[in-house]
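The values are calculated or read from the model by the stated rules, or taken from the named source; none is laboratory data. Computed from a predicted structure; not experimentally measured. A quick note on method: Cβ atoms are made from the backbone with ideal geometry, for glycine too, and the neighbour counts reach across all protein chains shown.
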Amino acid sequence: MTNPSLLILPGDGIGPEVMAEVRKIIDWFGARRGITFDVSEDLVGGCAYDKHGTPLHDDTMARAQEVDAVLLGAVGGPKYDSLDFSVKPERGLLRLRKEMDLFSNLRPAQCFDALADFSSLKKDVVAGLDIMIVRELTSGVYFGEPRGIFEEGNERVGINTQRYTESEIDRVARSAFDLAMKRGKKLCSMEKANVMESGILWREVVTEVGKDYPEVELSHMYADAGAMQLTRWPKQFDVIVTDNLFGDLLSDLAAMLTGSLGMLPSASLGAPMDNGRPKALYEPVHGSAPDIAGQGKANPCACILSFAMALRYSFDLGDEATRLEQAVNAVLGDGVRTADLLNEEGITPATTAEMGDAVLAALDASL
Ligand code: NAD
Ligand code: IPM
Ligand code: MN
């Protein structure tokens, strides 16, 4: 039997720093659990532009289509701000999502016990929080046509188009209902059906799909009210399904419920392949964090937890995923903190590598 294959794309900024810690953990699973991956590494984002003049080389795109899963660090940075839009680092990531057809983006927001005091919200609001945002990832205003900057009379106009077909809404809704069935059987769909036709269609299709899931309690909320409710009492939610742009905003908001963007992983899943597993890309929700890049300050947990999601969703290793998640929980319980998880002066934060090593030690202790 061949080993499962994993393409690693560390990317820019803190991407390579956090990915170095994940590499140690992948090695640990090989050495201590006999779970060996065929790992290959390639470029995406600004570093790919530097080498190839494009943020995603066609060969890299082809490799991403072939492997069992892709693990990505982060892309972007101020060095690339003045590049033409078509070759910006972020375009590489968007191409991966689009061409792999990764329509269902799972962004869990889980409050680790040890961080309940750290959130900017009151402890009882976030303690024990465990919600899942399902963000549509391959359509909507990110990709709709027409788009561009055009001359109109004596000024320019910037245009993006929110566009959703019934089948696009249907498939992401089904993925959210399927998840809700495995969790608390509650799904809240968020759009702005009060002002957008795409929102009206979204609500209709989600309601229709809901008829196939009578056990799931379905509710609808306008996305602006949803943002308010997420900060007021987030534990009212179990699974949330929403479009590409609202999902981008709401998942960053949800990240802060858990304490830090540095803690939030994600899985971007497509339709099942021949082996029954979905096409998949795993990445932290955070970006390349140019303000702390190159200083050993980045929290590697979001990337480590993204690998845990890969173990669960791509490799059917749910128990090993839980082992890794519990190792992160144990490390936080021991008080190990990178700088983003500290608000008191006078405590020396753990470096990126120290946090990774602490997770390795907790994995050892789990055996
Ligand atoms: P960001 O997520 O990079 O940073 C926001 C803030 O969170 C910064 O203060 C940063 O230091 C902090 N932060 C983020 N991740 C952290 C971690 N692991 N540990 C500790 N602190 C962390 O968002 P931004 O500053 O808006 O964007 C920077 C660049 O990243 C932009 O080019 C943007 O387009 C890109 N970006 C990429 C992705 C991705 O690759 N998936 C996601 C978001 C943003
Ligand atoms: C994210 C990021 C991306 C997005 C950017 C970098 C393209 O913010 O993954 O949340 O907007 O989807
Ligand atoms: Mn985002």
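Here Ser366 does not qualify as of a type in the set (S, T, N, Q) and within 16 Å of ligand 2 (Cβ to nearest atom).
The residues of segment 350-367 that are closer than 15 Å to Gly335 by Cα and among the hydrophobic types (A, V, I, L, M, F, W, C), listed by number, are Ala350, Met355, Ala358, Val359, Ala361, Ala362.
Among the residues of segment 318-341, those that are touching a residue at least 24 places away in the same chain (Cβ under 8 Å) and either of a type in the set (Ser, Thr, Tyr) or more than 18 Å from Asp364 (Cβ to Cβ) (or both) comprise Gly335, Thr338, Ala339, Asp340, Leu341.
Taking the criterion of being buried (at least 21 other Cβ atoms within 10 Å of the Cβ) and either assigned to a loop (DSSP other than H, G, I, E, B) or among the hydrophobic types (A, V, I, L, M, F, W, C) (or both), the residues of segment 101-111 that qualify are Leu102, Phe103, Leu106, Ala109, Cys111. What are the residues in segment 179-193 that are among the charged types (D, E, K, R) and under 16 Å from Leu137 (Cβ atoms), if any? Across segment 179-193, the qualifying residue is only Glu191.
Do we have any residue at all in segment 297-316 that's more than 20 Å from the chain's Cα centre (by Cα), within 30 Å of Leu249 (Cβ to Cβ) and of a type in the set (D, E, K, R)? There is at least one residue in segment 297-316 that is more than 20 Å from the chain's Cα centre (by Cα), within 30 Å of Leu249 (Cβ to Cβ) and of a type in the set (D, E, K, R).
Identify the residue in segment 22-66 that is within 21 Å of Asp316 (Cβ to Cβ) and in contact with a Gly (Cβ under 9 Å, 6 or more places away or on another chain) and, among all such residues, is surrounded by the most Cβ atoms within 10 Å (Cβ to Cβ). Per the criteria, the residue is Val22.
The rows are residues; the columns are (1) closer than 24 Å to Leu311 by Cβ; (2) aromatic (Phe, Trp, Tyr); (3) away from ligand 3 (no atom under 16 Å from the Cβ); (4) over 21 Å from the mean Cα position of the chain (by Cα).
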position: Gly199; (1), (2), (3), (4): no, no, yes, yes
position: Leu253; (1), (2), (3), (4): no, no, no, no
position: Gly262; (1), (2), (3), (4): yes, no, no, no
position: Tyr282; (1), (2), (3), (4): yes, yes, no, no
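Answer yes or no: is there a residue in segment 144-153 that is surrounded by 16 or more Cβ atoms within 10 Å (Cβ to Cβ) and either at pLDDT 95 or above or among the hydrophobic types (A, V, I, L, M, F, W, C) (or both). Yes.
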